[in-house]
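Working notes, beginning with the structure itself.
The values are calculated or read from the model by the stated rules, or taken from the named source; none is laboratory data. Predicted, not measured: the structure shown is a model, and the values here were computed from it. All Cβ positions, even for glycine, are placed from backbone atoms using ideal geometry, and neighbour counts span all protein chains on display. Each accessible area value is taken on the protein alone, full model and side chains, heavy atoms only, with ligands, DNA and RNA left out. Shrake-Rupley method; radii C 1.70, N 1.55, O 1.52, S 1.80 Å.
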Amino acid sequence: MTSTSRRPSCAACLRPLATCICRWVVPLPHAVEVLILQHPLEVANAKGSARLLHLCLPGSTLLVGETFAPAELAPLLADKNTVLLYPDTAGDRSLGIPAPPALAPDWLARPAALRLVVLDGTWRKSRKMLYLNPLLQQLPRLPLRNMPPSHYLIRKAHAPDQLSTLEATCYALMQLENDTARFQPLIDAFDVFVAQQLRYIS
């Protein structure tokens, strides 16, 4: 048990013991490796879903930062076919962000050889993370299309198709591994997490 404030907190989920989310953790096997890059302002956000996602995916890595040193980030992007879970938006060009390389179709046929990079933050924060890290700009992108409505009732979305970090990653894994049923327990765990947070809000 650790304490980062006056209230004792859980060493696993980093939340106060009274609001620990470890009971909702459902470890799920997955072929695609997942790298979660979390904006520092999301770490203490009680509404954030990245920690639950990380705890449910044994093959995931979570790093906190806004700008990552190339010497730190490059090894984490090597040795596998690495894709960024991010839409190719026209506004990126106005920031000087180059068009991403095309995603090779044959990569999608080998999930075990894939690494999925996920940016955890608000739209503005994640866009800034992309802008500040040229190595991320060099990755092909995996956009999500025709997704179901978000279950993220505790946080305001700026567009109807915006999802939580957990939902977006889960739907990406369903798509990449062609297996909806195996990842459904993660969505179910997220629903319970959201319900818990709604009780605190109400």
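For Cα pairs less than 8 Å apart in space and 6+ apart in sequence, what is the mean separation divided by the residue count of the chain, i.e. the relative contact order in percent? Dividing the mean separation by the residue count of the chain yields 24 percent.
Only Cα sites of segment 1-104 enter the Debye sum here, all with the same form factor; the resulting log10 I(q)/I(0) across q = 0.15 1/Å is -0.82, listed in q order. Summary value for segment 16-76: 41 percent relative contact order, contacts being C-alpha pairs under 8 angstrom separated by 6+ residues. Assuming a ≥ b ≥ c are the square roots of the Cα gyration tensor eigenvalues, decide whether segment 11-60 counts as rounded (a/c under 1.5), prolate (otherwise, with a/b larger than b/c) or oblate. The shape class here is oblate. Label-to-label distance, residue 124 versus residue 64, with points set 7 angstrom from Cα along the beta-carbon direction: 2.2 nm. The angle between the Cα long axis of helix 180-201 and the main principal axis of the chain comes to about 50°, on a 0 to 90 degree scale. Applying 1/(1 + (r/R0)^6) with r as the Cβ-Cβ distance of residue 147 and residue 22 and R0 = 35 angstrom yields a FRET efficiency of 0.80. The peptide list 100-111, 45-56, put in order of mean Cβ contacts within 10 Å with the highest first, becomes 45-56, 100-111. Taking 0.36 nm per residue of separation and subtracting the current Cα-Cα distance, fully stretching the chain between residue 88 and residue 74 would add 2.9 nm. Taken about its Cα centre, segment 81-124 carries a charge dipole of about 60 debye when Lys and Arg each add +1 at the Cβ and Asp and Glu each add -1 at the Cβ. In this structure, the amide hydrogen of residue 117, modeled 1.01 Å from its nitrogen in the peptide plane, lies closer than 5 angstrom to those of 35, 83, 84, 85, counting only residues at least 5 positions away or on a different chain. Site pair residue 41 and residue 110 shows an inter-label distance of 4.0 nm when each label is modelled 7 Å from Cα along Cα→Cβ.
Within the set [x] 1.01; [y] 1.20; [z] 0.97, the number that Cα Rg over 2.2 N^0.38 Å takes when calculated for this structure is listed as [x]. Accessible area per residue for segment 1-121 is 49 Å², calculated with a 1.4 Å probe on protein heavy atoms, without ligands, DNA or RNA.
Overall, the accessible surface of segment 1-130 at a probe of 1.4 angstrom is composed of carbon and sulfur to the extent of 61 percent. Close amide H contacts of residue 64 (hydrogens built in the peptide plane, cut-off under 5 Å, sequence separation of 5 or more or a different chain): 38.
A Cβ-based charge dipole, computed about the Cα centre of the chain with Lys and Arg at +1 and Asp and Glu at -1, lands at about 700 debye.
Take each peptide in 22-30, 165-173, count the other Cβ atoms within 10 Å of every residue, and average; sorted highest first, the result is 165-173, 22-30.
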